[in-house]
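Trainee: Structure incoming, see below.
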Amino acid sequence: MQGPTSRSFEVLRFSILDECNFSCVYCVEDVRRSAPDFVPARILLSYVEKLLTQLKLKTIRITGGEPTLHPELLEIISGLRTMGVADIRMTTNGHTLSRVIDRAVQNGLGSVNISLDAVSKNAFATMSRVRDGEGVISGIDSSIALGIPVKLNCVVMRGLNDAEIVPLTQFARERGIIIRFLEVMNMGPLYGKSHSFLMPESEIVQRISETEGYAERLIRDANSTTNYYRTRKGQIFGVIANYSDPFCGDCNRLRLDSKGNVYGCLSSASRENLAGADLNGLLDRALARKQNHFLGSETSMKAIGG
Ligand code: SAM
Ligand code: SF4
């Protein structure tokens, strides 16, 4: 029997671990890493099994931390497929992606979003606090070679990587894939101070229009978080403008972390654990927590998964 919330959450973002091999400046405070603590695939899958008793989830996006670091990533993907999840996606920093992407696709992964904040080595190191970004490029190219949909995501921070907007747009065009630029969010280490780094949608679009030809805005699909544009050269790119053009009203996403905590809203730090909870009540409360405007939170995306 489907509960009253069953139509309201169609997408689950599932953070399968909170470990990462990068330390992006907008996501974590510093480069300190804790000892890896992987929750086994069978436990992670049991959370989803429980949610599926009440929700008709159309899409599950696997995220993290860095999901490719989970030693049972392939089992998690095939377990989701066995449960009947038709659309399985993943968001990754791409660094170790080329090692697993072909088996992940064989096991049921349908598409991948890869984060890339810079083409130049210096800006890449500034943003990720990691020297070598070569693995990311080969992760992108091996995913494209498999023929699955691949998108790039770039978080733009004024003064740190805004000079990368045009080179990244050209990088995506050369590969025939879509890039989306994210306005930096008021979360984690940037909570309360993100504004000085914010590059609004209008400026991102203007930068691209100046070199790539005027970019016209396309119609936004219902439930899409992205405003898409087409340049005069015919290239389509996107902007996720949580500040300039909030999409909270359209949000149909539920978030689940590796400890079984459920979040109804990125902007609300409050969460509830699946263990022992009355699921219908938990989902109703998660739905009630949705906000109409993104306020931000001290919680890092590394735990919640973006
Ligand atoms: N490690 C993977 C990655 O980076 O793609 C997956 C997890 S990461 C938390 C998911 C997404 O959150 C990434 O695209 C990242 O750029 C984004 N993100 C993290 N902190 C952010 C912030 N303060 N503002 C905007 N986007 C952020
Ligand atoms: Fe890691 Fe992704 Fe956070 Fe960067 S944004 S530190 S890659 S979890």
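Each reported figure results from applying straightforward, stated rules to the coordinates on display, with no laboratory input. Worth saying up front: this structure is predicted, and the values here are computed from it rather than measured. Virtual Cβ from ideal backbone geometry, glycine too; neighbours counted across all protein chains shown.
Trainee: Roughly what angle does helix 41-52 make with the longest principal axis of the chain, taking Cα atoms, 0 to 90 degrees, to the nearest 10?
Mentor: That helix lies at roughly 80 degrees to the long axis.
Trainee: After finding the eigenvalues of the alpha carbon gyration tensor for the chain, what semi-axes result from the square roots of 5 times each, listed largest first in whole Å?
Mentor: After scaling each eigenvalue by five and taking roots: 29, 22, 19 Å.
Trainee: Take every Cα-Cα pair in the stretch 1-91 and report what % of them are more than 20 Å apart.
Mentor: 40
Trainee: Continuing with this model, one more query. Give the residue list of trypsin sites (Lys or Arg not before Pro) in the stretch 186-219 that are DSSP loop and have at most 16 other beta-carbon atoms within 10 angstrom.
Mentor: LYS193
Trainee: Which number gives the lysine pairs in the chain that have C-alpha atoms under 19 Å apart and are eight or more places apart or on different chains?
Mentor: Close lysine pairs under the 19 Å cut-off: 6.
Trainee: Go through the chain and flag any cysteine with no other cysteine's C-beta closer than 4.7 Å, please.
Mentor: CYS20, CYS154, CYS248, CYS251, CYS265
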